[in-house]
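See structure below.
No lab work stands behind these numbers, since they all come straight from the coordinates. Because the structure is a prediction, the values reported are computed rather than measured. Every residue, glycine as well, gets a Cβ built from its backbone with ideal geometry; the counts of neighbours run over all protein chains shown.
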Amino acid sequence: MDPALQELLDKRACEEVILRYGRTQDWLDDYGQNDCFWPDADVDYGFFKGTGEAFVSLFDATRNLEREQFQQELRLQSEFDGPFNFIVGGAYATDDLDFRAYSTVGLTGLFPTGGVDDRGFLNFYNLRNLTGDPGAGRVEQDRESLAFYFDGSIDFAERFRFTAGLRWTKDEKEFYKPTGGGGPCNQFTELFDARPADPNLPLDLATNCIDVGSGRVSRAGITGAEISQRHIPLPDSAYAFIVDTKKSWDELTWRGVLTSRSTTSR
């Protein structure tokens, strides 16, 4: 091919990539953005330096939800020829939810988060939050529901029917969520994130240290590229707080209805 023609084709190809880059930026199209970079391409925007794929994930979150549900109901219904009939039964249901998430929150990593993170406004050294080291979190919620019921009706005086029912219901929920940076330091804690657990004593990484970034996957010795969507790599002890609560309620409800059938005479 003529070198001049090849040069024109190459320039045109570059122009198309630039146009696609702008369009996918505008449309927040991550897949299209990744297509604008070679896999080993590096970019340098001043506030961020790394691979093109890493830049695309400045604001990124992956979520994995596993849910198991079970429901069973048994009932017995009479078909007597007489004035009385009934329905009796029970119902049992479970709903177990396991939610996991990884997230990088982009430029918000430059701002203080309060609490144990006291590094002040615009932490320009905290660019790791942009990508490559996402925060990890999970929520578990289990629900169990049990009910028994009875409903019966009786006809009397030719035109009246009385219907009555009882139902007992019990519902129980368990909620579990490790959350918050500020867990104990470990061998992967970076000195920048280390704070003394007791501010009245000197910082000691082994005995007097909390990690404001303890919820990051790097504290498990891995990078964002090595995470598993079905497993949070951090132990519960890596988080500053654990919400662990269980609540239940039960109630007996009833109803009674008297109905009348109109009669006509000829």
For segment 199-266, what is the convex hull volume of its Cα atoms per residue in Å³?
253
Near the amide H of residue 240, under 5 Å away, which other amide H atoms are found, from residues 5 or more places off or on another chain, if H is placed in the peptide plane?
179, 180, 181, 182, 183
If we sort 237-247, 252-262, 210-220 on the protection proxy, mean other Cβ atoms within 10 Å, highest first, what's the order?
210-220, 237-247, 252-262
Along the Cα→Cβ direction, 7 angstrom out, place labels at residue 44 and residue 91. What is the inter-label distance in nm?
6.6
Report, ordered by chain and residue number, the aspartates and glutamates lying within cross-link reach of residue 170, taken as a straight Cα distance under 13 Å and ignoring same-chain residues fewer than 8 apart.
144, 250, 251
Here the net charge surrounding residue 140, from other residues whose Cβ is less than 13 Å away from its Cβ (Lys, Arg +1; Asp, Glu -1), is -2
Histogram of C-alpha separations across segment 124-266, 5 Å bin width, %
2, 8, 12, 11, 10, 8, 6, 5, 5, 5, 5, 4, 4, 4, 4, 3, 2, 1, 1, 0, 0
